Amino acid sequence: MRKTLVCTFLFFVLASSLMAQQNSAVKRKLLVFTHVTVIDVTGGRSQPDRTVMILGAHITEIGESAKIIVPKDSKNTNAVEMLKKLAAE
């Protein structure tokens, strides 16, 4: 149940971030979410501790968080820390 809520929450965060980027006239930055669980919707298999990179409306890379190099000029969001902050409120 908790994983479902986390995945649903992350979906809405990603969707709202993408919409905000598309509506902005500002230069698009790379948006990075680290330490997320990616769910394969075709097979239902979960892939924990992944990093997802998004530029504009496109996912540009998904990989293991320990192996992905995150550019310094990207907007980086650690999903684990974000959820801990939300749970503490």
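The values are calculated or read from the model by the stated rules, or taken from the named source; none is laboratory data. Note that the structure is a prediction, hence the values are computed from the model and not measured. Ideal geometry is used to build each Cβ from the backbone, glycine not excepted, and the neighbour counts take in all protein chains shown.
Can you give me the number of residues within segment 48-89 that are part of a strand (DSSP E or B) and either over 13 Å from the mean Cα position of the chain (by Cα) or not polar (S, T, N, Q) (or both)? Outline the logic, then answer.
Step one: list which residues in segment 48-89 are part of a strand (DSSP E or B), which gives 48-55, 58-64, 75-78.
Within this subset, residues satisfying the condition of being either over 13 Å from the mean Cα position of the chain (by Cα) or not polar (S, T, N, Q) (or both) are 48-50, 52-55, 58-59, 61-64, 75.
Going through segment 48-89 one residue at a time, the tally reaches 14.
Is it the case that Ser65 is at pLDDT below 80, surrounded by 13 or more Cβ atoms within 10 Å (Cβ to Cβ) and small (Gly, Ala, Ser)?
Working: at pLDDT below 80: no; surrounded by 13 or more Cβ atoms within 10 Å (Cβ to Cβ): yes; small (Gly, Ala, Ser): yes.
Considered against the rule, which asks whether it is at pLDDT below 80, surrounded by 13 or more Cβ atoms within 10 Å (Cβ to Cβ) and small (Gly, Ala, Ser), Ser65 comes out as no.
Could you check segment 35-56 and list, in sequence order, the residues that are surrounded by fewer than 20 Cβ atoms within 10 Å (Cβ to Cβ), in contact with a Ser or Thr (Cβ under 8 Å, 6 or more places away or on another chain) and among the hydroxyl-bearing types (Ser, Thr, Tyr)?
Answer for segment 35-56, where residues must be surrounded by fewer than 20 Cβ atoms within 10 Å (Cβ to Cβ), in contact with a Ser or Thr (Cβ under 8 Å, 6 or more places away or on another chain) and among the hydroxyl-bearing types (Ser, Thr, Tyr): Thr37, Ser46.
Run Lys3 past the list (1) modelled with pLDDT of 80 or more; (2) part of a helix (DSSP H, G or I); (3) among the basic types (Lys, Arg) and report the number of the one that doesn't hold.
The single condition Lys3 does not satisfy is (1).
Across segment 29-44, which residue is nearest to Lys72 (Cα to Cα) among those that are among the polar types (S, T, N, Q) and in contact with a helix residue (DSSP H, G or I) (Cβ under 9 Å, 6 or more places away or on another chain)? First the steps, then the outcome.
First pass over segment 29-44, keeping only residues among the polar types (S, T, N, Q): 34, 37, 42.
Still in the running and in contact with a helix residue (DSSP H, G or I) (Cβ under 9 Å, 6 or more places away or on another chain): 34, 37.
Numbers: Thr34: 14, Thr37: 22 Å.
The qualifying residue nearest to Lys72 (Cα to Cα) is Thr34.
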